[in-house]
1. How far apart, in nm, are two points set 7 Å out from the Cα along the Cα-to-Cβ line at Leu282 and at Ser34?
2. Please give the Cα centre distance for segment 1-76 versus segment 100-136, rounded to the nearest Å.
3. Under 10 Å, Cα contacts only: if you run a Gaussian network model on the chain, which one of Asn267, Asn194, Asn97 comes out with the highest mean-square fluctuation?
4. In sequence order, what are the phi-derived ³J(HN,Hα) couplings for segment 5-22 according to the Karplus relation 6.51 cos²θ - 1.76 cosθ + 1.60 with θ = phi - 60°, rounded to whole Hz, with x for glycine and proline?
5. Hey, what do the phi angles of segment 173-189 turn into as Karplus ³J(HN,Hα) couplings, whole Hz, using 6.51/-1.76/1.60 and θ = phi - 60°, x for Gly and Pro?
6. Hey, can you rank 147-160, 276-289 by average C-beta count inside 10 Å, highest first?
7. Principal axis extents for the chain, Cα atoms only, whole Å, descending order, please.
8. Helix-only estimate, please: 222 nm mean residue ellipticity of the chain, summing -39500 (n - 2.57) across DSSP H runs of length 4 or more and dividing by its residues, to the nearest 500.
Amino acid sequence: MDFKDKLIRSALENESIACMGLDLVDGAIPEKGSFNDKSLEFLYKVFTKMNHQGVLPGAIKFNHGFYEIHDKPHEGNFEGSLTLAHGIQMVRKELPNVPIILDFKRGDIGKSSKNYAIAGLINWNVDAVTVHGYMGTDSVMPFADLSPEKGVYVLTLTSNKGSEDFQLLGTSQGRQLYGVVASKVLDWARPHSNVGMVFGATHPKDLEIIVDDGSFCGIPLLIPGVGDQEGDLMRIRNALHNGTYNGGLARINSSSGITHPWKLAENAPKEYAIEVVKQLDLLNKGINYRPSLN
C-alpha cells in the first residue's frame, strides 16, 4: 500500500481528514510525574476516549521539536526522544489505521538527506515527514526514493507570519516563490506519488488557486494553521470540497487547539480527555469531509 492509499483509506474508515497535532507542552499536561510519564498517561486516556466515542482523526502529527527539547544529550538523558518513541508506539497499538506524520523539517545535500530520511521515516517508524525543498532535487529525492509507502511533505507555503518574508515574493518567472516550489513539487510527484506539500490554512486564497488547478488534484496536502493561527477553516473546507481535488488526500491540522485548549494544566477540566475528543469532533464536523464526493 503506497502512501496515498494509506491517506485515502484512513479518510474513508475514520470519516475524517483532520490531522491531530500532538505537540505536547509540559506545563499544559494535567498529569503528575516526569514528562514521559505524564505524556503517556495523557495520550492513553485520550486515545481510549477517542476509541470509545468513535471520534478519530485522519492522521496524527508529532512535531519533533516538542519532544527533542526534553533531551539533554550531554547528561545522557533522552527523555524527550523516548517519549516520542513511546507515543508513536501507542498510536500504532491504539489507533492502527491512523497514519503518523513526523514534523521533521529536514533537508540537506544528498548524502546527509539520505541519513535524515532513514532517521525520520525508518528509525522513527512513521508514515510521512515534512522536509525543506530549498536545496532542490538532490535534497528531497533521498526522502522520496526511500519507499512509496513513506510520504514526503515539502514546505511550500507555510502558515506562519514569516512566510511573507520569502514565500510570497515575486520571481522572474512571473510567479510568487511558493508557486515555483509548487510546480517543482509537481515535477517530483510525477515519478514519486508519495510527494506532497505543506500549505498553510492562513493563505486560503492561494490554496484555492492551487486546488482549482487540476494539475494538483492528486497531490497530498498537509494544511496547518486552523487552530491558534486562525486559518479560515470554512474557506479551506469549501476549496477542498468544491474543486476537482481529491479531498481524501488532504489533512487539515490543528495541534494545541485540540490537545490542550486550556493552555495551562491548572485550567484543564478534570475529565480532560472528554474535552480533547470534543475539540477533535468539532474539527471533524467543521471540515465535514464527504468521501462520496471523491
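Laboratory data are not the source of any read-out in this text; all were calculated from the coordinates shown. Computed from a predicted model, the values in this text were never measured in an experiment. Here the Cβ positions follow ideal geometry from the backbone for every residue, glycine too, while neighbour counts run over all protein chains shown.
1. That separation, rounded to one decimal, is 3.5 nm.
2. 19 Å
3. Greatest mean-square fluctuation among the candidates belongs to Asn267.
4. For segment 5-22, the Karplus curve yields 4, 4, 4, 5, 5, 5, 4, 5, 5, 9, 6, 7, 10, 6, 10, 8, x, 9 Hz.
5. Here the 3J(HN,Hα) series is 7, x, 10, 6, 4, 4, x, 5, 4, 4, 5, 5, 4, 4, 4, 5, 6 Hz.
6. 147-160, 276-289
7. 55, 45, 38
8. Using -39500 (n - 2.57) per qualifying helix, the result is -12500 deg cm²/dmol.
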